[in-house]
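Novice: Once you've had a glance at the structure underneath, I'll fire off some questions.
The values are calculated or read from the model by the stated rules, or taken from the named source; none is laboratory data. Model, not experiment: these values are computed from the prediction. All Cβ positions, glycine included, derive from the backbone under ideal geometry; neighbour counts span all protein chains shown. Side chains are part of the model used for accessible areas, which takes the heavy atoms of the whole protein and leaves out ligands, DNA and RNA. Shrake-Rupley method; radii C 1.70, N 1.55, O 1.52, S 1.80 Å.
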Amino acid sequence: MMHAMLLLALALAVAASYALSRIFLGYPRPASRPVWLSRRELAVVDAAAETLFPLGGAIPLSGREAQIPAFVDSYVAAVPRNLRILMRMLLFLVEHATVFFPASGGLLGGGMRRFSSLSPEQRVAALTGWEHSSLFARRLVFTSLRAILTMGYLSSPGVLRALGLAPREIPTPICEADLLYPRVGALPSTIALRAADLTPPSDGTPLGPRGPLRADYAEGVEP
Amino acid sequence: MLPPGEIRVFAQYGEDFREEADVAVVGSGPGGAVVAKELAEAGKRVVLLEEGPPLTPQDYEWEGARSMTRTLREGGLRATRGYVMPTMQAICLGGGSLVNSAICPRAPDFTLERWCTQFALAHTTLAGLSPHYESVEKFLGIAPTPENVQGARNLLFKRGCDALGYSSEPIPRNVRGCRGSGECFTGCRSRAKQSMDISYVPAALRAGARVRTSVQVQAVVSEGRKARAVVGQVVAPFTGRRSYRFEVRAKVIVLAAGCMATPVLLQRSANLANSSGQVGENLQFHPGVAIQGIFPERTDPQFGATQGYQSLHFLREGFKLETLWAPPGVLAVRTPGFGHALKGRLAEIPYSATWDAISSCHSSLGTVRVRRGTLDPALVWRLDERDLPILQRALWVLAEIFFAAGARKILPGVHGMADEFHSLREADPLRSKGLRPKDVVCGGNHVFSTARMHGDPRRGVVDEYGRCHDLENLWIADTSVFPQSPSVNPMLTCMALAHRTAHAIAERV
C-alpha cells in the first residue's frame, strides 16, 4: 500500500514538474518589452504569425516582419478586461492543446510539444486540425486566432502598401462641430479653431489610387 | 446650474453633479439626437447624456481593429451566445451613426402594414410616418449615392443585377459631398457623412440643449407611475473607469441608449416598465451573410462609397442585398486558409468586391439580460432552422450576381463547402446542400424589438409613440421599440419614429 502511494506521489510530482516546465520554462526573451502579453504568449503569437503568414509568396512580408506580435500585444491591452482574459486563454489553448490534439509525429515525433516549440511543418498540421475540425468550438478557436492575426497583418503599413490599400491623404474640412469638441481627454479650451477657420464642406471630388499616401503609411514608416 | 447650450466633456468633470431639465435624453445616437434637437427647438430644456466621448477627426483610427476598440462597445468583439454571432454597438457621441455606412432607406409599405396588423398599431403606416421621414431626410440631405463616387465594386454589383434582371439602385445615404474614401466604418475624414455628432447634436446645442458626454446612466429613478430622474457616473473614454456621480431630474425621460442598453437599463432599475414581461425579450437581428468575389481586373475596392448600391428585389423573400467595404483587416477576417494560400487570397483584395445580404429572420429570437457588475448585456440568440432557407437563398443569389458581373471566382465562407467556387455550376452547393445554422457565418449589427411597441399593454413595452405603457413620462426612442425587423437598414426609420416621439412629447410637456 505504502509502495503504491509513493509511486502515485512520484507520478504526480513528475506530472506537475512537466506541466510547470511546459507552461513556464524555455521561452525566449522578447526583443522589446511587451505592454501586456507575457513572453510565453508572445512566443505563441510569433509562432502562429509565422505559420499563418510565412515569408515570401504573394505578399513578401512575413507575419513577424509585419510586426503581428506587437500588434496583438497592443490590441490585447486595448480591449476590455473580460475579453483580454478570453484572448489570453485562447493563446494558452493553442499553445498547449497539442497534448490532446497532437501535431504530426505524435508523442515520439514531438507532436505533443507546445505549439511554439513545434517544427514549422508540425505547426501547419496543428493549425490544419483546428481549422477543419468537426467540432464547432475548435473551428471557432482557429477562426478567432486567425482573425486577430489577420487584423494585425493588414495593419502593417508595409503590407498595405504592397497591396495598394494604404490610406490616402484626405484634406479634412473644418465644420461647426470642430468648434465644439476637443480631442478626447482634452479641455474645450484647447480648441484652437474659431468660426473664421471654417472651410467649405467637401465638394465630392472622387478619390482614387493616384492620390498621395497618408504620411504615417508612407514608405519607410513602420509602427 | 450650468448655462444652456453647452457641451461638457470628460476633462471638465471634477465633482459629483446634479442637473434639472424638462427632458433628459439618454443616448446620442440616431434616436436620441433627433429627440434632443426637436425638443430643444420646441423650447424645452433638454439634457442629452452620452456615455462615450465626442471624437474629432484627429481621434479617428484608420486601422480597423484599433478603431473598434475606441468606438465600439466591448472593443467591437461583442457576440451573442447560443449561436455565436458578432454584433457591434457604438460608444461615442453620435452613436452608431459615426461608424455606420450612412444607409437610409425607408421601411417598405408592406412591412409597416404588417407591424400595424400584428402589433395593434394604427398610425405606423408609411403614410403616417411620411412627414417624419421627410423631415429627417431633408435635414440630413439624404439622397442616392452619386455615380461618380460609386467605385468599381459598387458598379459591378449593378452590372450583375442588370444582367440577371434584378432591380438595383444607388443607396440613399445621409451624406453631403462624399468623396468615396470608403472610410465610413472608422469615421469620415471628409466630414461628408452627416453623423449625429456633426448634424443633429450641434443643432440641439444651437437650440439650447445641454450635452453631457462620458456619462454613464446606470438607473432610472421612479415613484409610482412616474420616472423622476436618471442617475449614473462619469466614465473615462476608452477605459470606462468610473468616477463622479450625477443625477439628472426631469419631467420626461427618454431612453435612446440602443436596443441592448435600453432593456438593461430598465432591468437594472428594478425591472421598470415591464408589466408586459417583454423588456429584453424578442431580440432580433438582421443576420448578414457575405461573399467575396474576385474579378479579372483591379477593382481598387478601397475607393468608392463604402456601401453604394443595393437591391430591394428580394425584400418580400426576406433579404436585402448590398455592396460592402470595411477596413481591410476587418473585411479579411473571414478569408479562408492559412500560409501561402491565405497570403495569396489577401493579395487578391485589390481585385475583389464583397457583397452582403441582410435578412429578416422572424423565427430567430433571443434575449437581452443584465450581466452582474456591468452594463454590458448578456445576449442569447439562436439562428432558427426555419430562417436558414432565407440565408441560403441569399447566398445563392449573391453568387449568381457575382458570376453575372464577371467574377472569376467567389469565396462563399460557408463551413463544409469549398473555399472557392470558380463558376456558378461549381457554386451549386450554395443552393442544394442542406445547411445547419453553424455552417453559416453571420454578423448582426441591426438589432430590434427588445422593448417593442404594441397597442396592447400586455404584449408590448411602449405604445405607438414610444411612451412606456407603465409610466406616464418614460419614453423610448431607439430600435428597441421596433416591433419586428423593418426589412431594411433601420437608421432612418429609427430617426423617423424618434421624430414622431419628440413631437408627441412636445405636445404633452
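Novice: Looking for something at negative phi and in a helix (DSSP H, G or I) - is there at least one such residue anywhere in region B:462-478?
Specialist: So far as region B:462-478 goes, no, none of its residues is at negative phi and in a helix (DSSP H, G or I).
Novice: Looking only at region B:408-420, filter to residues that are under 31 Å from the mean Cα position of the chain (by Cα) and among the aliphatic types (A, V, I, L, M); which one of those is surrounded by the fewest Cβ atoms within 10 Å (Cβ to Cβ)?
Specialist: Here the answer is B:417.
Novice: Go through B:178, B:184, B:188 for me and flag whichever is within 21 Å of residue B:61 (Cβ to Cβ) and in contact with a Lys or Arg (Cβ under 7 Å, 6 or more places away or on another chain).
Specialist: B:184
Novice: Would you confirm whether any residue within region B:56-75 is modelled with pLDDT of 95 or more, farther than 30 Å from residue B:445 by Cβ, polar (S, T, N, Q) and more than 17 Å from the chain's Cα centre (by Cα)?
Specialist: no
Novice: Going through region B:123-134 one residue at a time, which ones are surrounded by fewer than 18 Cβ atoms within 10 Å (Cβ to Cβ), outside any loop (DSSP other than H, G, I, E, B) and either at pLDDT below 95 or not aliphatic (A, V, I, L, M) (or both)?
Specialist: B:128, B:130, B:131, B:134
Novice: Among the residues of region B:79-96, are any in contact with a Pro (Cβ under 6 Å, 6 or more places away or on another chain) and at positive phi?
Specialist: No.
Novice: Across region B:52-77, which residue is surrounded by the fewest Cβ atoms within 10 Å (Cβ to Cβ) among those that are at the interface with chain A (Cβ under 9 Å from one of its Cβ atoms) and assigned to a loop (DSSP other than H, G, I, E, B)?
Specialist: Step by step, filter region B:52-77, then rank; the result is B:56.
Novice: Filter region B:157-185 for residues that are open to solvent by 20 Å² or more (accessible area, probe 1.4 Å), over 20 Å from residue A:166 (Cα atoms) and more than 12 Å from every other protein chain (Cβ to nearest Cβ) and give the result.
Specialist: Once the filter is applied, which keeps residues that are open to solvent by 20 Å² or more (accessible area, probe 1.4 Å), over 20 Å from residue A:166 (Cα atoms) and more than 12 Å from every other protein chain (Cβ to nearest Cβ), region B:157-185 yields B:158, B:159, B:162, B:163, B:164, B:165, B:166, B:167, B:168, B:169, B:170, B:172.
Novice: Restricting the search to region B:421-445, which residues are open to solvent by 40 Å² or more (accessible area, probe 1.4 Å) and under 15 Å from the mean Cα position of the chain (by Cα)?
Specialist: Once the filter is applied, which keeps residues that are open to solvent by 40 Å² or more (accessible area, probe 1.4 Å) and under 15 Å from the mean Cα position of the chain (by Cα), region B:421-445 yields only B:445.
Novice: Can you tell me how many residues in region B:186-227 are crowded, with 24+ Cβ neighbours inside 10 Å, in a loop (DSSP other than H, G, I, E, B) and among the hydrophobic types (A, V, I, L, M, F, W, C)?
Specialist: Qualifying residue count for the region: 3.
Novice: How many residues are more than 9 Å from chain A (Cβ to nearest Cβ) and open to solvent by less than 10 Å² (accessible area, probe 1.4 Å) when one looks only at region B:335-353?
Specialist: 2
Novice: While we're here: Being facing chain B (nearest Cβ under 9 Å) and assigned to a loop (DSSP other than H, G, I, E, B) is the filter; apply it to region A:63-93 and report the residue that is modelled with the highest pLDDT.
Specialist: A:79
Novice: Looking at residue A:180 and the list (1) in contact (Cβ under 8 Å) with a residue 60 or more places away in the chain; (2) hydrophobic (A, V, I, L, M, F, W, C); (3) at the interface with another protein chain (Cβ under 7 Å from one of its Cβ atoms); (4) open to solvent by 20 Å² or more (accessible area, probe 1.4 Å), which single condition is not satisfied?
Specialist: Unmet for residue A:180, out of (1) in contact (Cβ under 8 Å) with a residue 60 or more places away in the chain; (2) hydrophobic (A, V, I, L, M, F, W, C); (3) at the interface with another protein chain (Cβ under 7 Å from one of its Cβ atoms); (4) open to solvent by 20 Å² or more (accessible area, probe 1.4 Å): (1).
Novice: Kindly provide the set of residues from region B:283-328 that are more than 21 Å from the chain's Cα centre (by Cα) and at positive phi, ordered by number.
Specialist: Passing the criteria: B:300, B:304.
Novice: How about region B:218-259: which of its residues are small (Gly, Ala, Ser) and more than 25 Å from the chain's Cα centre (by Cα)?
Specialist: Selection gives B:222, B:224, B:227, B:229, B:243, B:250.
Novice: Name the residue that is farthest from residue B:441 (Cα to Cα), counting only residues in region B:354-374 that are open to solvent by less than 30 Å² (accessible area, probe 1.4 Å) and aliphatic (A, V, I, L, M).
Specialist: B:368
Novice: Determine the pairs where a residue that is in contact (Cβ under 8 Å) with a residue 60 or more places away in the chain, located within region B:426-448, has a partner that is among the basic types (Lys, Arg) and open to solvent by 30 Å² or more (accessible area, probe 1.4 Å) with Cβ atoms under 7 Å apart, the partner being 6 or more residues away or on another chain.
Specialist: Hits for this filter: B:441/B:334.
Novice: Further question: Scan region A:115-143 for residues that are open to solvent by 20 Å² or more (accessible area, probe 1.4 Å) and either outside any helix (DSSP H, G or I) or within 9 Å of chain B (Cβ to nearest Cβ) (or both) and jot them down.
Specialist: Hits for region A:115-143 are A:119, A:124, A:128, A:131, A:132, A:134, A:135, A:136, A:139, A:140, A:143.
Novice: Here is a further query. Picking from A:188, A:201, A:206, A:167, which residue would you name as being in contact with a Phe, Trp or Tyr (Cβ under 9 Å, 6 or more places away or on another chain), open to solvent by 50 Å² or more (accessible area, probe 1.4 Å) and not hydrophobic (A, V, I, L, M, F, W, C)?
Specialist: After ruling out the rest, the residue left standing is A:206.
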